[in-house]
């Protein structure tokens, strides 16, 4: 799904819009540090409902955390 999202021409617009949200950095940190540890397979829909955030924000957060995790694993980090 990651490659499919990145190919969509609207994806970059969504990412840019989400990055302007005032609570985005806090939401991302909370998801990365708490929720993905408790529920590693959480969906964007569930995340949206649990945090009462827009679905687009949840999609961007999960996508970015997934990419960061993959990059860390490639570098040999845990």
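Quick note: the coordinates plus some simple rules give every number you see, no bench work behind them. Please read all numbers here as calculations on a predicted model, not as lab measurements. Counting neighbours? That spans all protein chains shown, and the Cβs are built from the backbone with ideal geometry, glycine included.
Which whole-number percent gives the relative contact order of the range 2-74, counting Cα pairs below 8 Å spaced six or more residues apart?
Over the range 2-74, the number comes to 30 percent.
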TODO: Rounded to the nearest 500, what is the 222 nm mean residue ellipticity of the chain from helices alone, with -39500 (n - 2.57) per DSSP H run of 4+ residues and division by all residues?
DONE: -19000 deg cm²/dmol
Open item on the list: Test of understanding: what is the full-extension gain from residue 29 to residue 68, defined as 0.36 nm times their sequence separation minus their Cα-Cα distance?
Closed with: 12.8 nm
Open item on the list: Is the C-alpha gyration tensor of the chain telling us rounded, prolate or oblate? Criteria: a/c under 1.5 is rounded; beyond that, a/b larger than b/c is prolate, otherwise oblate.
Closed with: oblate
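For residue 11 and residue 37, what does the FRET efficiency come to when R0 = 25 Å and r is the distance between their Cβ atoms, rounded to the nearest 0.05?
Values: r = 26 Å, r/R0 = 1.06.
Given R0 = 25 Å and the Cβ-Cβ separation, E is 0.40.
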